[in-house]
Every structure is written in C-alpha cells, then in structure tokens.
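The values are calculated or read from the model by the stated rules, or taken from the named source; none is laboratory data. Because the structure is a prediction, the values reported are computed rather than measured. Note that each Cβ is placed from the backbone with ideal geometry, even for glycine, and that neighbours are counted across all protein chains shown.
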Amino acid sequence: MDLIKALKKELMDEAGTTRKFLPLIPEEKYEWAPHERSMKLKHLVVHIAELPSWITMAVDADGLDFAANEYTPTPLGNNEELKEIFEKSLQQGEDALNRISPEDLEKKWVLRHGENILWEGTKYGMIRMAFSQTSHHRAQLGVYLRLLNIPIPGSYGPSADDQQF
C-alpha cells in the first residue's frame, strides 16, 4: 500500500466534506457560542479551516512547543475569507504530503507545552491527528449548526437532513 497516496486521498475526501459545511456558517453569528466554555463560532471555523496546514507542521518540524509558539488565529471577516483560508491551508497540506518520503513518516514528533509532553508519536501519527481533529471539530460545528437550526450536510453518508422519506 502506498501510504502517502492514501493520506492524500483522505485529505481530499475530508476536504470535500469540509467544503459542504463552511458555506453554511451564518456570518452574523460569528461571535455566538452554545455555552460559555465553548469556542465562538468564528474561532471554531477558522480552526477547522487551518487544520490541513497541520500536515505541513508535521512534515517540516519535529514537534511543536505551545509555550514557545503563541497561536494567533487567522483574522476572519466573512465566509469568502473563510473559504480562502481553507483552500490555502489545504494546498499547504497537499504540498507537504508531496514532499515527505515514506521513511520520514516514521520519524518522531512531539507536542508539548514547555517540559510537559502532551503527545508523542511519529510524523505519520501527527498527520493522522490533523485528520482526527478535522472530523472532531467538524462534528462540533454540526452541533453548533443544529442549535442554530441550520440543516446539517452528510459527512460519511446522508444526514437526517439529507434523508428523503
């Protein structure tokens, strides 16, 4: 099995699903969150849009230290910008997969906050985590949309809103 080819296919499959969700975001609700401990809708969708670029981080670095690298979300003004953020991030992720060798997928990768190790695995594992984070946060977005009474598109088959009975 060509693992890099499989990762590229998975990236594009997930991108197709994400592309169904992002246009549904009500811009007037960017500052809304379903709970005080939940992310604002705007923060959530920017995070989802940026996740494919995590592949670049996995390929080009041996880890990430949150204590040494402050995160600043990409500014977002409207859904057209959201689409641009996502497509740029997706291209970065695809380009990174085109650069990595199968042997490099096995190299160590560490996520930390200073001396505290949050996750330790391989570059392959970090790429898989980017995919898992995408599906996790896209499902979270589905809950947000449902609470805003916006029909949910299917992710891995039809949703209840897609069903025609």
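The set of residues from the stretch 54-75 being part of a helix (DSSP H, G or I) and either more than 16 Å from the chain's Cα centre (by Cα) or aliphatic (A, V, I, L, M) (or both) comprises Ile55, Met57, Ala58, Val59, Asp60. Filtering Glu87, Glu50, Glu36, Glu31 for residues that are in a helix (DSSP H, G or I) and surrounded by fewer than 17 Cβ atoms within 10 Å (Cβ to Cβ) leaves a single hit, Glu87. Name, by its number, the condition in (1) modelled with pLDDT under 95; (2) in contact with a strand residue (DSSP E or B) (Cβ under 9 Å, 6 or more places away or on another chain) that does not hold for Met1. Condition (2) is where Met1 drops out. One residue stands out in the stretch 106-146 among those that are more than 21 Å from the chain's Cα centre (by Cα) and either closer than 24 Å to Met12 by Cα or in contact (Cβ under 8 Å) with a residue 24 or more places away in the chain (or both): the one that is surrounded by the fewest Cβ atoms within 10 Å (Cβ to Cβ), namely Gly114.
Residue-level analysis places Pro52 outside the set of residues that are modelled with pLDDT under 95 and either within 30 Å of Lys107 (Cα to Cα) or touching a strand residue (DSSP E or B) at 6+ places or on another chain (Cβ under 8 Å) (or both). Within the stretch 83-99, the set of residues being hydrophobic (A, V, I, L, M, F, W, C) and in contact with an Asp or Glu (Cβ under 9 Å, 6 or more places away or on another chain) comprises Ile85, Phe86, Ala96. Taking Ala96, is it crowded, with 16+ Cβ neighbours inside 10 Å and closer than 23 Å to Leu7 by Cβ? In short, yes.
When each of Arg112, Arg128, Arg138 is tested for being modelled with pLDDT of 95 or more, touching a helix residue (DSSP H, G or I) at 6+ places or on another chain (Cβ under 8 Å) and among the basic types (Lys, Arg), the lone residue that passes is Arg138.
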